[in-house]
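Asker: Take a look at the following structure, please.
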Amino acid sequence: MTFQSDLPATVRPLGPVMLDVAGLALTDEERERLLDPLVGGVILFARNFRDSEQLLALTAEIHALRSPALIIAVDHEGGRVQRFRTGGFTRIPSMRCLGRLWERDHVAALESARCAGYVLAAELLAHGVDLSFTPVLDLDYGCSRVVGDRAFHRDPLVVAALAQSLVSGMAEAGMGCVGKHFPGHGYAEADSHVEIPVDEREFEAIWAEDIGPYRHRLGRQLAGVMPAHVIYPRVDPNPAGFSGFWLQDILRERVGFGGVIFSDDLTMEGATVVGDIVARARAAFGAGCDMVLVCNRPDLAVDLLDRWAPDIAPESRARIDALRSRPQAADPFALELHPVYRQARDVVAGLVEDAA
């Protein structure tokens, strides 16, 4: 793989592609890929974590590659989707636990959501991670195999209230957040990782229910939104992440969202309907995504970087640049000195005990 640039190798704007890496440290091939001008971020998984010291070294190495530094993200929601669980990380309960607490005590649920957001973000930032793909804003219809207990609640107003508290806690710690999966994955039963989910409802039902949390003031607090690899055939024949109607007409124009739109992973089965990896990136970008994710397939990552030549709008670059968390030293040991963190961690620990 080769590329040309008038800028030094380590100084170039952040690009519209987010890639993953294979292990606990970067390989030479991964360093080369991450220097490509199309790359703007790295997403980490559980396989990239052994302990606190190793994660600090990995994130420091990734950040040192370029200026501005690549954005490091992770799916760190709590419950079954929490990539780092030991060695400096608190176990976060599933979001459904907060929804169940809401049924007993609204005030306690809102405060617990804020504490969960604060702990989640503070611990990630202390390890050099900039962004978490959370919260899940899908509604808990009780039928989605991929959503399940990742959802807060069935009621969109409750989802919005709890998610807003979680997001406020994350913001207090210094981290932005990415709501997912627009316009809603909770009603479709199939798992888009391995199937192509279809939601047969009319637009009016989706607007009134599933898009409710995004229409709430929460929508103005989200740094990013990730659309679903779900087809809504009564609305548009394309999956939402490849649909200009969903991303431009509805999310940008009608909802008024001004942050970054991320594609979901373009290697998932739900993305294959539009063609090969370059066709998927072009379709997502053309529909309105600012950044596309390519995970678990380094061969497809190389293919995309070699063959894709997008025309990146200045406003899209500006949205990506704005994702950067406020600069701070990555130091997990310093967290113990902060009473706000210790208090929030105690609240979260109590939630986990209640859910056990």
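The values are calculated or read from the model by the stated rules, or taken from the named source; none is laboratory data. In this text the structure is predicted, and so the values were computed from the model without any measurement. Ideal geometry is used to build each Cβ from the backbone, glycine not excepted, and the neighbour counts take in all protein chains shown.
Asker: With L157, L166 as the choices, which residue is surrounded by fewer than 24 Cβ atoms within 10 Å (Cβ to Cβ) and of a type in the set (A, V, I, L, M, F, W, C)?
Answerer: On inspection, the qualifying residue turns out to be L157.
Asker: Please find, among G219, G270, the residue that is at pLDDT below 95 and within 22 Å of E315 (Cα to Cα). Show your work before the answer.
Answerer: Details: G270 fails: within 22 Å of E315 (Cα to Cα).
Of the residues listed, the single one that is at pLDDT below 95 and within 22 Å of E315 (Cα to Cα) is G219.
Asker: Quick one: A228 ticks every box in (1) crowded, with 22+ Cβ neighbours inside 10 Å; (2) touching a Leu at 6+ places or on another chain (Cβ under 7 Å) bar one, so which box is it?
Answerer: A228 satisfies all of (1) crowded, with 22+ Cβ neighbours inside 10 Å; (2) touching a Leu at 6+ places or on another chain (Cβ under 7 Å) except (2).
Asker: A further question follows. Please go through (1) in contact (Cβ under 8 Å) with a residue 40 or more places away in the chain; (2) within 19 Å of the chain's Cα centre (by Cα); (3) under 30 Å from S67 (Cβ atoms) for L335 and return the number of the only condition it doesn't satisfy.
Answerer: Unmet condition: (2).
Asker: Here's another thing I want to ask about it. Out of the residues in the stretch 309-324 that are surrounded by 12 or more Cβ atoms within 10 Å (Cβ to Cβ) and among the charged types (D, E, K, R), state the one that is modelled with the lowest pLDDT.
Answerer: R324
Asker: Also, I was wondering about something else. Which of (1) farther than 19 Å from I231 by Cβ; (2) free of Cβ contacts under 8 Å to residues at least 12 places away in the same chain does M291 not meet, given it meets every other one?
Answerer: The number of the failed condition is (2).
Asker: Can you tell me which residues in the stretch 210-220 are part of a loop (DSSP other than H, G, I, E, B) and surrounded by 22 or more Cβ atoms within 10 Å (Cβ to Cβ)?
Answerer: Correct list: D210, I211.
Asker: Residues in the stretch 201-209: is at least one within 30 Å of R114 (Cβ to Cβ), among the aromatic types (F, W, Y) and part of a loop (DSSP other than H, G, I, E, B)?
Answerer: No, the stretch 201-209 contains no residue that is within 30 Å of R114 (Cβ to Cβ), among the aromatic types (F, W, Y) and part of a loop (DSSP other than H, G, I, E, B).
Asker: Determine whether A228 is at negative phi and within 16 Å of the chain's Cα centre (by Cα).
Answerer: Here the answer is yes, as A228 does meet what is asked.
Asker: Quick check on A116: is it out of contact with any Phe, Trp or Tyr (no Cβ under 6 Å at 6 or more places or on another chain) and either within 16 Å of V352 (Cβ to Cβ) or of a type outside the set (D, E) (or both)?
Answerer: Spelling it out, A116 is indeed out of contact with any Phe, Trp or Tyr (no Cβ under 6 Å at 6 or more places or on another chain) and either within 16 Å of V352 (Cβ to Cβ) or of a type outside the set (D, E) (or both).
Asker: Within the stretch 325-351, can you find the residues that are at pLDDT below 75 and not small (G, A, S)?
Answerer: If the condition is that a residue be at pLDDT below 75 and not small (G, A, S), then R326, P327, Q328 are the ones that fit.
Asker: What pairs can you find where one residue is in the stretch 82-94 and free of Cβ contacts under 8 Å to residues at least 12 places away in the same chain, the other is buried (at least 21 other Cβ atoms within 10 Å of the Cβ) and assigned to a loop (DSSP other than H, G, I, E, B), and their Cβ atoms are less than 6 Å apart, with a gap of 6+ or different chains?
Answerer: Correct list of pairs: Q82/I92.
Asker: Please work out which one of (1) part of a loop (DSSP other than H, G, I, E, B); (2) of a type in the set (D, E, K, R); (3) touching a residue at least 60 places away in the same chain (Cβ under 8 Å) is the condition K180 fails and give its number.
Answerer: Only one criterion is unmet by K180, namely (1).
Asker: Another question, then. Can you tell me which residue among G174, G184, G179 is crowded, with 24+ Cβ neighbours inside 10 Å and within 24 Å of Y341 (Cα to Cα)?
Answerer: G179
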